[in-house]
Structures are given as C-alpha cells and as structure tokens.
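Participant: This is the structure, below, for whatever I ask next.
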Amino acid sequence: MIYKKNKLNIDGINIDFLARKFNTPIYCYSLKKIKENILNFTNNFNKINPLICFAVKANTNVKILKEIKNFNLGADVVSIGELMKAIKAGIKPKKIVFSGVGKTKTEIEYAIQKKILLINAESKSEILEIEKIAKIKKRIVDVGIRLNPNTDAKTIRQISTGKKENKFGVNEKIFLQLVNYVRSSKYLNLKCLSVHIGSQILSHKPYQKMLIVLDKIIEKSKYKFDYIDLGGGMGIDYSHNNTKINLKKYSSYVEKFIKKNNSKIIFEPGRSIIGNAGILITKIIYIKEGFKKNFIILDAAMNDFMRPALYAAQHKILPLKKTRNRSKKSYEFVGPICESTDKFATIKNFQKLNEKDFLAICDVGAYGTSLSSNYNVRPKPVEILIKASKVYIINKRQKLSELI
Ligand SMILES: *Cc1c(COP(=O)(O)O)cnc(C)c1O
C-alpha cells in the first residue's frame, strides 16, 4: 500500500473508490502480497525443499485457499470444516495435515476416508481412538505425534503453545511411549513428529532451541520419521518498523538438522503468508469528545476484527486521504459494540479526522475474518480480492435477513 497524491492505493487501485463502491466495512486482500509472501517463504527455505501446508485457520476463505493452492501449497487444518474447505479449494488430500487436541470420531473418520497425508495426534487417547477407527475400517492410517518441546516462543502469552503448561502435544516421556506403541500397531503407521510452539514469533532463537530438543528426542526414540513437521508461527511486522524474523537463519539450522535426521520437512505457516495481505476498510460514524481524549467511532468493530480485543494486538491505522492540515490529535479508535474492549487502538499525533472519513486497519489478513462473529447481530463484512489490478468479490456481505 502506498499513498499516491495523498490517497492510499493498493496494487494501483484507490482504496477510497473501493470504500464508496462496496460500502464499509470491507475486508480487502492483495493477491500480489500473498504471492510475495509465498515466494519469500519458499526462497528462504529453498535449500530444504519443505512441504508448505498453509494453516487454514489463519484465513478460511475458499477463494483465497484456491489462490494459495495454485502456488502448490498444501493445508494444515484443525477441524472437519477446515478440512472440507481445503478439499473444496482443490488442495490434494495428500498435501493436508490435521492438527488439534480434540479431534472427534466424526472428524477422524472423515480424515481417514479422504486419505489425507497425516493425522497429527496430540494425546494417547487420540492415538487409541484413531487406531480403533482404523481397525473397524480395516485401514492402515498414517499418523504423526505432536511433541510439546517445552520451548518458550517468547511471544504473546495467549498465542504461545509449546510450553509444558500449554494443552498442546505430549511431553517427552509420553512421546517416547507413544512411539513404541504406534510402531507395533497393526493399524497405525508412524510417519511424523510434529511441533508448533506458538505464533507471531519474531526471533529465530526459539526455533533453534526447539530443533535441539527434537534432535535429542529423535535420538532417544531410535525411530526414523519420514516427516518432521515444524509447524508455523513465523511473525510479521505489525509495527511497520522492520522487525522481521530471520528466516535464512532458521533455514540454516533446519539444514543442519536434516543432514543428521534426513526427513522431509513440513511447515505450517499461516500469518506469514496472509497477515499483511489484508486490510479492513472502515468509515467514521461519529467523533465524540471524551474525558481527555476523542473517540473515533468506526463502523467496524471487535466482531469483525477480534485481535485487539482478544489479546491487545496492535495494528496500524491509516487514513485513506492524507490531509495537508498539520494539526495533530490524540484519538481512541473504537467500534460501536457494547463492550469496553471493543477498541482498536489509541494513537497520539494522528492527523485531524472528520466524521465520514475512511480509514484502513492494516495487516488483518490472518485471524481477521476467521475469528469474526455476528456479535450484536452484526452481519459479516464483504471480502474482496485485488488480482492483477482487478477487483473480485470473494465473499458477499452477509445480509441481515440471513441473521434474523
Ligand atoms: C495456528 C497453527 C499454525 C499457524 O500458525 P501461524 O502463527 O499463523 O503461522 C500452524 N500449526 C498449528 C498446529 C497451528 O495450530
């Protein structure tokens, strides 16, 4: 996104034009950016030639999944619904892995029926359940076991998943027991060791630590895993001040790791593929003077975009029109919902705004629409995709009649 003659543009299209044409709020994605992100990812890891499975929970729009599929990515899913969407988008089942701590019988049966690449189990009970279903179906099912490596991802507490107090994966002791159990099972084929230590990770160091843990446990297990699934979690630059994770460094550690362990690497990136490829376009309904600050009341709210309310995530907000007027103001950007956490940001020294002005909330491509809800009986926004400077509606705005 860049300003051209003080108007914010996305891939050559004036965003103000989009706001007027489609009404707000709008989720708007750039295919160019998605492509850039995928190329950046594959280039950084080209030496290890990984299978890249897009974490569908980051963005579940089928049209977007289709575009991502066209770059040869697979999918990481965490529910039967996501699995169905991935298949609907044309992603081959042999490129789909299924994660999650609570897969139900129905979900496991469906995954087995579709012959997906891997079911990554997260507990002993789940392994037994998969085995039971495989036996009834007279099938041998490829599984992975998710290890909890007890590695601090040094990220927001709510999105850390690889520490021993987190619900994900199994500890070393149980992991080794399960390896022994599965290797002698008639109905399970142990293919993969999986991990995923958290999200929005901005340093390569937690990954380096994680690989050391993996190295040790693989040695202890005396088992040759066809796949090592390292999960996702690579962070993005929400603050727009060049805080980037060094993927090349991460890649060099993985290179060393596979020299020794010689397995196919799987990655499950979500945020790093789609996060900065989406904006939420919104209009100012009212401006209200409050105690010591002015409230900018937007037509987008926490139901449309949950991250700030859910874990105080910070997102850049940009005016669609830059004004020449030099006067600056302090603003609190809020939605109309009846919750005090329905707040996007407090920003000092913002350009002076007026009612009916449009704004863009940046970097909402990941965990934006996928976390959205109909709270306060608010219909979900229209979603549009910019592809080669053309605009495509990839999800219509929900109608009130669908909700009432
Ligand atoms: C959420 C999740 C991911 C994706 O995480 P990002 O931070 O979006 O890259 C990958 N794997 C698993 C198992 C997940 O739960």
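Participant: When the helix-only estimate is applied to the chain (DSSP H runs of n ≥ 4, each -39,500 (n - 2.57), divided by the residue count), what is the mean residue ellipticity at 222 nm, nearest 500 deg cm²/dmol? Walk me through the intermediate numbers first.
Facilitator: Working: 12 runs with 118 residues, N = 404.
Using -39500 (n - 2.57) per qualifying helix, the result is -8500 deg cm²/dmol.
Participant: Running a GNM on the chain with Cα contacts under 10 Å, which residue among His240, His204, His196 ends up with the highest mean-square fluctuation?
Facilitator: Between His240, His204, His196, it is His240 that shows the largest mean-square fluctuation.
Participant: Using Cα atoms only, what is the angle between the long axis of helix 205-221 and the major principal axis of the chain, expressed in degrees (0 to 90) to the nearest 10?
Facilitator: Computed tilt is about 20 degrees.
Participant: Another question, then. Given a Förster radius of 25 Å and the C-beta distance between Asn14 and Thr323 as r, what FRET efficiency does 1/(1 + (r/R0)^6) yield to the nearest 0.05? Intermediate values should be presented prior to the final figure.
Facilitator: Working: r = 16 Å, r/R0 = 0.64.
Using R0 = 25 Å, I get an efficiency of 0.95.
Participant: Placing +1 at every Lys and Arg Cβ and -1 at every Asp and Glu Cβ, with all other atoms neutral, what dipole size does segment 100-267 have around its Cα centre, in debye to the nearest 20?
Facilitator: On the way: 33 positive and 16 negative charges, 82 e Å.
Result for segment 100-267 is approximately 400 debye, rounded to the nearest 20.
Participant: In whole Å, how far is the Cα centre of segment 258-316 from that of segment 345-376?
Facilitator: Cα centres, segment 258-316 to segment 345-376: 9 Å.
Participant: Carbon and sulfur together cover what percent of the accessible area of the chain at a 1.4 Å probe radius?
Facilitator: Solvent-exposed carbon and sulfur of the chain make up 51 percent of the total.
Participant: Looking at the chain only, what percent of DSSP beta bridges run antiparallel? Nearest 5 please.
Facilitator: Working: 34 of 70 bridges.
Roughly 50 percent of the DSSP beta bridges within the chain come out antiparallel.
Participant: Return one whole number: the accessible area per residue of segment 1-99 in Å², for a 1.4 Å probe.
Facilitator: On the way: 4350 Å² over 99 residues.
Accessible area per residue: 44 Å².
Participant: Still on this structure, I have one more. If each residue of separation counts as 0.36 nm, what is the full-extension length gain between Asp152 and Asn241 once their alpha-carbon separation is subtracted? Each step should come with its number before you reach the end.
Facilitator: Working: separation 89, 0.36 × 89 = 32.04 nm, distance 2.40 nm.
Computed gain between Asp152 and Asn241 is 29.6 nm.
Participant: What does DSSP give for segment 128-248 in terms of the percent of beta bridges that are antiparallel, rounded to the nearest 5? Walk me through the numbers on the way to the answer.
Facilitator: On the way: 1 of 12 bridges.
Roughly 10 percent of the DSSP beta bridges within segment 128-248 come out antiparallel.
Participant: Could you check the spin-label model distance between Lys47 and Lys173? Points 7 Å from the Cα along Cα→Cβ, value in nm.
Facilitator: Going by the 7 Å Cα→Cβ label model, 3.8 nm.
Participant: Once you order the gyration tensor axes a ≥ b ≥ c over the Cα atoms, which shape class does the chain get: rounded for a/c under 1.5, otherwise prolate or oblate by comparing a/b with b/c?
Facilitator: Values: a/c = 2.10, a/b = 1.86, b/c = 1.13.
Verdict is prolate for the chain.
Participant: In segment 1-117, with Lys and Arg counted as +1 and Asp and Glu as -1 at Cβ, which of these residues, Thr24, Val56, Ile80, has the Cα nearest the positive end of the dipole, that is, farthest along it?
Facilitator: The one lying farthest along the dipole's positive direction is Thr24.
Participant: Placing +1 on the Cβ of each Lys and Arg and -1 on the Cβ of each Asp and Glu in the chain, which of His204, Asn70, Tyr331 has its Cα farthest towards the positive end of the resulting dipole?
Facilitator: The residue sitting farthest along the positive end of the dipole is Asn70.
Participant: Let me ask something else about it. First measure r as the distance between the Cβ atoms of Gln398 and Lys293, then evaluate 1/(1 + (r/R0)^6) with R0 = 25 Å and state the FRET efficiency to the nearest 0.05.
Facilitator: Details: r = 32 Å, r/R0 = 1.29.
For R0 = 25 Å, the calculated efficiency reads 0.20.
Participant: Suppose every K and R has +1 on its Cβ and every D and E has -1 on its Cβ; what is the size of the dipole of segment 264-404 about the Cα centre, in Debye to the nearest 20?
Facilitator: On the way: 25 positive and 12 negative charges, 140 e Å.
With Lys and Arg at +1 and Asp and Glu at -1, about 680 debye.
Participant: A further question follows. To the nearest 10 degrees, how steeply does helix 31-44 sit against the main Cα axis of the chain, on a 0 to 90 scale?
Facilitator: 40 degrees
Participant: Just the accessible area per residue of segment 100-267, please: how many Å² with a 1.4 Å probe? Display every interim value, and only then the final one.
Facilitator: Values: 8080 Å² over 168 residues.
Accessible surface, normalised per residue, equals 48 Å².
Participant: Moving to a separate point now. Antiparallel versus total DSSP beta bridges in segment 7-103: what percent is that, nearest 5?
Facilitator: Values: 2 of 8 bridges.
So the antiparallel bridges amount to about 25 percent of the total.
Participant: Suppose every K and R has +1 on its Cβ and every D and E has -1 on its Cβ; what is the size of the dipole of the chain about the Cα centre, in Debye to the nearest 20? Please report the intermediate quantities before stating the final value.
Facilitator: Values: 75 positive and 34 negative charges, 170 e Å.
In debye, rounded to 20, the chain gives about 820.
Participant: Let me ask another. Mind pulling the angle between the C-alpha long axis of helix 124-136 and the longest principal axis of the chain? Nearest 10 degrees, somewhere in 0 to 90.
Facilitator: For helix 124-136, the angle is close to 70 degrees.
Participant: Now a separate question. Return a single number: how many Lys pairs in segment 124-181, at a sequence separation of 8 or more or on separate chains, have alpha-carbon atoms below 16 angstrom apart. Before the final figure, lay out the partial values.
Facilitator: Numbers: Lys124/Lys132; Lys124/Lys167; Lys124/Lys173; Lys154/Lys163; Lys154/Lys164; Lys163/Lys173; Lys164/Lys173.
Qualifying lysine pairs in segment 124-181: 7.
Participant: Can I ask one more? Please work out how much length the chain gains when fully extended from Ser340 to Asn374, using 0.36 nm per residue of separation minus the C-alpha to C-alpha distance, in nm with one decimal. Don't jump to the answer; show the numbers that get you there.
Facilitator: Values: separation 34, 0.36 × 34 = 12.24 nm, distance 1.73 nm.
Length gained, Ser340 through Asn374: 10.5 nm.
Participant: Please name which of Ile287, Val364, Phe257 has its Cα lying farthest along the dipole of the chain towards the positive end, using unit charges on Cβ (Lys, Arg +1; Asp, Glu -1) and the Cα centre as origin.
Facilitator: Selected residue: Phe257.
Participant: If I take R0 = 35 Å and measure r between the Cβ atoms of Lys63 and Lys222 in this structure, what FRET efficiency does the formula 1/(1 + (r/R0)^6) give, to the nearest 0.05?
Facilitator: On the way: r = 46 Å, r/R0 = 1.31.
FRET efficiency, Lys63 to Lys222: 0.15.
The values are calculated or read from the model by the stated rules, or taken from the named source; none is laboratory data. Note that this is a predicted model, so its numbers are computed, not measured. Please note: Cβ atoms are built from the backbone with ideal geometry, for glycine as well, and neighbour counts cover all protein chains shown. Side chains included, ligands, DNA and RNA excluded: accessible areas come from the protein's heavy atoms. Shrake-Rupley method; radii C 1.70, N 1.55, O 1.52, S 1.80 Å.
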